[in-house]
Structures are given as structure tokens and as C-alpha cells.
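Q: Before anything else, here's the structure in question.
The values are calculated or read from the model by the stated rules, or taken from the named source; none is laboratory data. Everything quoted here is computed from the prediction, not taken from an experiment. Don't worry about glycine lacking a Cβ; one is built from the backbone with ideal geometry, like all the others, and counts go over all protein chains shown. Heavy atoms of the whole protein, side chains included, go into the accessibility calculation; ligands, DNA and RNA do not. Shrake-Rupley method; radii C 1.70, N 1.55, O 1.52, S 1.80 Å.
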2 protein chains.
Amino acid sequence: MNSYPESLTELVDQLKKLPGVGRKTAARLAFHMVRMPDGEAGKLAEAILEVKKRLSLCSFCQNLTEKDPCSICRDPHREVYQLCVVEYPADASSIENSGAFHGRYFVLHGNLAPMQGQGPESLRLERLKELVVSQQISEVIIATNPTVEGNATALLISRILEPLGVQLSRPACGLPVGADLEYMDPVTIRKSLDGRGPL
Amino acid sequence: MNSYPESLTELVDQLKKLPGVGRKTAARLAFHMVRMPDGEAGKLAEAILEVKKRLSLCSFCQNLTEKDPCSICRDPHREVYQLCVVEYPADASSIENSGAFHGRYFVLHGNLAPMQGQGPESLRLERLKELVVSQQISEVIIATNPTVEGNATALLISRILEPLGVQLSRPACGLPVGADLEYMDPVTIRKSLDGRGPL
């Protein structure tokens, strides 16, 4: 039984489709939107439409951009010989925010997850290979996530790129800074010990 | 430092204003919306605008409605002598979904929280008093939340309505059905023991 007015039910239904948003959160968000000033709600709706209208993929790195090529690929100060392969645009943003990488990216928009119907063909790996050759890339950091799918994806990419003679690497696994050993999972602890370095 | 395209930053900023949505959740939702089919994102934006356009307050119960008076206040099968006072429209929905109440509602759109600048004048209590008199209401269930603010609000309402000679009550406090005594707070346990009943 549902006692909401029709337009409110529709909004709750649409919000429920978002990741991590269940029925209760959707209702809470919807009631909040009802209470928001009209202008604020309008801005949110507008922002959703704008993002769909203005964003496309950079023809070089496949990252989200409003202008092709994207600002990173256009930047003459980036190292052109380095490429960092990530699963999703959000991953590239995180690495970019760390300030630790100065090359360019390649966004796969997925990983190898055959159980979810994502095979190698969905990852534009031909385009990646083509880029490495045409742009004379000499180092590729395969920064897919340290998960089963991410590792499988990294392995596949290394198989494809190895014959080209480029230097391949993966980001180190270990304890996140600020972590508490007490609560760390055993696999991470093992990785951090295997990869231990001098003081 | 922010490496998102402008329209994506704007969407993240708008989403961050929602309750319980921080920077990370906003980014996750935004990236999801980017990946959604255009039609789905459009439906969500449309639903937000529609809810703002179509919903208004019922002139009787102050609940959200698309048609004034609302479907509950228009329903001839509802008990007209009973009124249930709640803080927010979502509370009325929850009670309605329980199927345990057959009277009409009065929505305060808030509670008494002087520290947050919400005094009695924001709760339309004059309108409530007027309704109780004009509609010859004989029983008022004050279903504000069992919190400090909700209890204070209930007390204020009872002071206002007592002189009218209507029967006043509050929903019972006790253990929620399915609860585990081990994890229940002491105040709730005390309430449930104080209010114990025969088997």
C-alpha cells in the first residue's frame, strides 16, 4: 500500500534506481526535494540534464570530457611517454587528485567480469594497443583495482602489451596510510609484508 | 584540486546538498548518472521538476497532495472525529501504511526545536485548534516522534487542546516488534516494562 501522491511515488521510483539507494533512502531524498526551494530543485534537475548533454568521451584517453581531446590530453606539460590505465573515470580523478602522476590516462570503462557478461571486447583494448604504438608510449601503469576482476584485467592487458616492449607496472599493494593493523584483512597484511622496504 | 569536467562538478555540488550525501556519495551518484541511458536520467530530472510543480499542501490536513483537499481528507469512509497529529508527511505515510488508523491527519511540518530556531509559530497550531473546533473532532492522537523535540511538541499541543475537552493520547512506547533485548537502549526497555500488559 502506498499513500504518496502520484508525482512523489514517481520520484521515489526514479531515485530507487540509483546505486545504494533503497526504498527508505529514496523516500527521504524525495521528501527533502519536496521541501527544497523550487530554485534548488530546478538546479539539481538541470545539472542532471546538463551532464548528459555536455559530457562525451575523449577520443584519446576515453575519459569523460566536455571538449575533445580532454584537458589532460591537451596539456603540453604532461609526460607523453607514460600512460596510466584505469577502470573508470572516477579512478582517473582519484589518481589525478593525488598529484602523483603526470602522464596521460586510458579509461577502460569496465573490467574483466565474465560472470557479469563483461568480456575483453567491452574494454576497447585494440584502441589501447593502437595508442601505445602510435604515441610511442614507453611506460604503462596498469592501475585497475586490486580485486579479482581488476587483477584479471591487468593480466590480460599485460599479455596484449608485452609484445610491444613497453615497461609495465602495477601500483603497490599494502597498508593504506592511517590504517589500523588490528582491523586490516590478512591478504593486505601479507602484501604489505611481502613488499616491505627499508626505513 | 578537482579534475572533473565543469558540468560534472556542478552535478556533484548539487547532489552534495541532499541529506546524508557527502562528497564521495555525490561523486558515485554523479558517475552513475553519467552512465545511465539518457532517457533514464531525463526521467529522474523530470520527476524532480514534476514533484515541485504538482505538489501543494492540503488546506485541511496540511499534508502533501496534488489535489486539494487530499485523497484522505476527501475520503467519506474515514472517521471524521479522529485526528492524528504528525511532524512530517513521511510520518503520515508510515502510519497510513500500517493500516491501523482510519481517521484524518494534521501535519505540523516540523517540531518544537527552539535551538534550531523552530518555535511554536512555525507549526500552524492555530490552524490545528481551529480545525478541532470546526470539525467537531473528539479524539486527537499526538503522534509526534518519541524524541525530546517530539515530546515537547506533544506537550505544547496538549496544553492548547486540553481546554477544548477533546480526548488526547500518544502512541505507546516500547520494544519494536522483532527487536533484540540485548541491543535495546535502557530508556526503551524501561518504557516497555512500565507499559507492560497481560499475556
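Q: Rounded to the nearest 0.05, what FRET efficiency is calculated for A:R78 and A:E162 with R0 set to 25 Å and r the Cβ-Cβ distance? Show your work: numbers first, answer last.
A: Working: r = 25 Å, r/R0 = 0.98.
Rounded to the nearest 0.05, the efficiency is 0.55.
Q: Out of the DSSP beta bridges found with both residues in the protein assembly as shown, what percent are antiparallel (nearest 5)? Kindly include the intermediate steps, with their values, before the conclusion.
A: Numbers: 6 of 28 bridges.
Just about 20 percent of them are antiparallel.
Q: If r is the Cβ-Cβ distance from A:D185 to B:S169 and R0 is 51 Å, what FRET efficiency results, to the nearest 0.05?
A: Numbers: r = 52 Å, r/R0 = 1.02.
My answer for the efficiency is 0.45.
Q: Same structure, new question: Which trypsin sites (Lys or Arg not before Pro) in the stretch B:33-135 pass both tests, a DSSP loop state and at most 10 other beta-carbon atoms within 10 Å?
A: Details: sites: B:R35, B:K43, B:K52, B:K53, B:R54, B:K67, B:R74, B:R78, B:R104, B:R124, B:R127, B:K129; in loops: B:K67, B:R78, B:R124.
Within the stretch B:33-135, no trypsin sites (Lys or Arg not before Pro) qualify (loop, at most 10 other Cβ atoms within 10 Å).
Q: Let me ask something else about it. Run the reach check for A:K53 against lysines, Cα to Cα strictly under 20 Å, same-chain hits fewer than 8 apart removed. What comes back?
A: Correct list for A:K53: A:K43, A:K67, B:K43.
Q: For the stretch B:76-169, report the accessible area per residue in Å² (1.4 Å probe, heavy atoms, rounded to an integer). Don't jump to the answer; show the numbers that get you there.
A: Working: 4720 Å² over 94 residues.
Normalised by residue count, the accessible surface of the stretch B:76-169 is 50 Å².
Q: What net charge do the residues around A:A41 carry, taking every other residue with its C-beta under 14 Å from that of A:A41, with Lys and Arg at +1 and Asp and Glu at -1? Please list the in-between numbers first.
A: Working: positive: A:R35, A:K43, B:K17, B:K52, B:K53, B:R54; negative: A:D38, A:E40, A:E46, B:E46, B:E50.
So the surrounding residues net to +1.
Q: Which angle from 0 to 90°, rounded to the nearest 10, does the C-alpha axis of helix A:6-16 make with the longest principal axis of chain A?
A: 20 degrees
Q: Could you tell me the calculated FRET efficiency between A:R54 and B:S134, based on Cβ-Cβ distance and R0 = 35 angstrom, to the nearest 0.05? Mind showing how you got there, number by number?
A: Working: r = 54 Å, r/R0 = 1.55.
It comes out at approximately 0.05.
Q: Using only atoms on other chains, find how many Cβ atoms lie within 10 Å of each Cβ of peptide B:16-27 and report the average.
A: 3
Q: Moving on to the next point. How many Å³ per residue does the convex hull of the Cα positions in the stretch B:6-54 occupy? Don't skip to the answer; put the middle values down first.
A: On the way: hull volume 3.9 nm³, N = 49.
Hull volume normalised by residue count: 79 Å³.
Q: Quickly estimate the mean residue ellipticity at 222 nm for chain B, helices only: each DSSP H run with n ≥ 4 gives -39500 (n - 2.57), and the total goes over all residues, rounded to 500.
A: Taken over chain B, the calculation gives -13500 deg cm²/dmol.
Q: I want to verify a result. In a Gaussian network model of chain A, Cα cutoff 10 Å, which of these has the top mean-square fluctuation: A:E46, A:E182, A:E126?
A: Fluctuation is largest for A:E182.
Q: Also, quick follow-up: How tilted is helix A:89-98 with respect to the longest principal axis of chain A? Cα atoms for both, answer in degrees (0 to 90, nearest 10).
A: 70 degrees
Q: Related question: Shielding by partners for A:28-34, please: the mean number of other protein chain Cβ atoms within 10 Å of each residue's Cβ. Spell out each step's value before the answer.
A: On the way: counts 4, 6, 4, 7, 6, 7, 7.
Mean shielding count: 6.
Q: Under the definition of partner shielding as Cβ atoms of other protein chains within 10 Å of a residue Cβ, what is the mean value for peptide A:88-94?
A: Working: counts 2, 8, 8, 0, 1, 7, 2.
Mean partner shielding for this stretch: 4.
Q: At the nearest 100 Å², what buried accessible area, both sides summed, do you get for A and B when the probe is 1.4 Å?
A: Values: alone 13320 and 13350 Å², together 22170 Å².
Approximately 4500 Å², summed over both chains.
Q: If you don't mind, another one. Step through the residues of the stretch B:174-190 one at a time and calculate ³J(HN,Hα) from phi using the Karplus curve (6.51 cos²θ - 1.76 cosθ + 1.60, θ = phi - 60°), rounding each to whole Hz and writing x for Gly and Pro.
A: Karplus-based 3J(HN,Hα) across the stretch B:174-190 equals x, 6, x, 4, x, 6, 10, 3, 3, 9, 7, 6, x, 5, 5, 4, 4 Hz.
Q: Kindly work out what percent of the DSSP beta bridges joining two residues of chain A are antiparallel, to the nearest 5.
A: Values: 3 of 14 bridges.
Bridges in chain A that DSSP calls antiparallel: roughly 20 percent.
Q: Something else now. What angle, in degrees between 0 and 90 and rounded to the nearest 10, separates the Cα long axis of helix A:38-54 from the longest principal axis of the Cα atoms of chain A?
A: 40 degrees
Q: With a sphere of radius 12 Å drawn around the Cβ of A:F101, what net charge do the other residues whose Cβ falls strictly inside it have (Lys, Arg +1; Asp, Glu -1)?
A: Numbers: positive: A:R78, A:R104; negative: A:E79, A:D91, A:E96, A:E139.
Every neighbour counted, the sum reads -2.
Q: Could you give the nm distance between label points at A:L199 and A:A100, where each point is 7 Å from its Cα heading toward the beta carbon?
A: Placing both labels 7 Å along Cα→Cβ, they lie 2.3 nm apart.
Q: Considering only protein heavy atoms, what per residue accessible area in square angstrom results for the stretch B:6-54 with a 1.4 angstrom probe? Mind dumping the intermediate values first?
A: On the way: 2320 Å² over 49 residues.
In whole numbers, the stretch B:6-54 has 47 Å² accessible per residue.
Q: Just to be sure I understand: if I project the alpha-carbon convex hull of chain A onto a plane and average over all orientations, what area do I get in nm²?
A: Working: hull surface 67.8 nm².
About 17.0 nm², averaged over all directions.
Q: Mind checking the dipole of the stretch B:6-54: about its Cα centre, +1 per Lys or Arg Cβ, -1 per Asp or Glu Cβ, Debye to the nearest 20? Don't skip to the end; give the middle numbers.
A: Working: 10 positive and 7 negative charges, 60 e Å.
For the stretch B:6-54, the charge dipole is close to 280 debye.
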